[in-house]
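Computed from the coordinates by the stated procedures, all read-outs in this text should not be read as laboratory data. Note that the coordinates shown come from a computational prediction; the quantities given were computed from them, not determined experimentally. Virtual Cβ from ideal backbone geometry, glycine too; neighbours counted across all protein chains shown.
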Amino acid sequence: MAFSERTKQELVRVIPSARCCRLAELSAFYDFHGYLLGRDQPYLDFYSSSPLAARKILTLIKGLYPDAFTQTLVQRARARKHQVFTVRVPSPADSETIYEAMHSQPVTQQDAAVLRKKCCQRAYLRGSFISQGSVTNPERTYHLEISSDKTTTADTVLATFHALGLEARRTQRKGVHVIYLKDGEQIVYFLNVIGAHSALLHLENIRVVKGMRNQVNRLVNCETANVDKTVKAAMEQVEMIYRIHAYMGLHELSENLQQVAETRLRYPYVPLKELGELVDPPLSKSGVNYRMRQLLAIGRSLPSLESSQDAGEDGRVSIEK
Ligand SMILES: [Zn+2]
């Protein structure tokens, strides 16, 4: 499953406990795809193309107004993949109550559009991301965006990013406003702010691995153009340890293997014999070789990092130890 989808699935399950934040998140859904319709008999509609988002909208409304009656309508568009879910509040009285509540939340003085409380700003961005956000698979590149065809919604989203100290930027793509983050660290911070903690951990893992790999590549490049057999072998060892780190976490290894793995990452170049001497207590060459072969076997059984977006449900592959 793509990282974006996985992040949204996680966020749909995050239900704020404070009433102010539930309302803030609901108002984000409203700003993106909500409408108060019907002149004499007003009713409130929230549209969404995702059943998960629809369920979240429903949960938020029910949490805020347990007695409000709601309907969920599913419309199938021509393209089979396209479904539109409508969460409707048909009663004029309930619709007006909810509409009023969403539009009378305390906002900042400087920028009328931004909610005043930090907790609510976070909730607003979470709703925005579920509504119309996406994030690339971190194995490739770092890019997170939220788009809207409404200028006022884009203004609010951008100002809310800034209010939380996130350096988001803005652009237009085919008439649609796009608010985006390009920096890995900022994306991690954003995921933390909106409560996507397991997505955050996944991204952090990838960042660590990428960082280590760059370090090794730099070393190889400046050391010599003539990469000999020992270095090639060491490179493979490091690569397999990266995989184990990314998919399982080194802490899942037995203590013996973990120690050798960590020492190899710290000293990517030293020959095996010396590597054995760096482990505490020291290992013989055959001892360290035996453990390294086990690490290589585990690493080779894992998918390569470039094609890893289809890992297990939680992004990890389970391995028998
Ligand atoms: Zn709040």
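Lysine pairs in segment 33-164 with Cα distance under 25 Å, only those 8 or more apart or on different chains: how many are there?
For segment 33-164, qualifying lysine pairs total 9.
How much net charge surrounds Val89 when only the other residues with a Cβ under 14 Å from the Cβ of Val89 are counted, with Lys and Arg +1 and Asp and Glu -1?
Numbers: positive: Lys62, Arg88; negative: Asp45, Asp67, Asp94, Glu96, Glu100.
Neighbourhood net charge equals -3.
Between Lys62 and Val84, with labels modelled 7 Å along Cα→Cβ, what's the label distance in nm to one decimal, could you check?
Between Lys62 and Val84, the simple spin-label model gives 2.5 nm.
Determine the distance separating the Cα centre of segment 133-149 from the Cα centre of segment 10-83; give it in Å without decimals.
23 Å
Return the distance in nm (one decimal) between the two label points of a simple spin-label model at Glu204 and Asp183, each offset 7 Å from Cα along Cα→Cβ.
1.9 nm
Provide the FRET efficiency to the nearest 0.05 for the Leu278-Asn214 pair, computing r from the beta carbons and using R0 = 30 Å. Numbers along the way, then the final one.
Details: r = 23 Å, r/R0 = 0.76.
Computed FRET efficiency for Leu278 and Asn214: 0.85.
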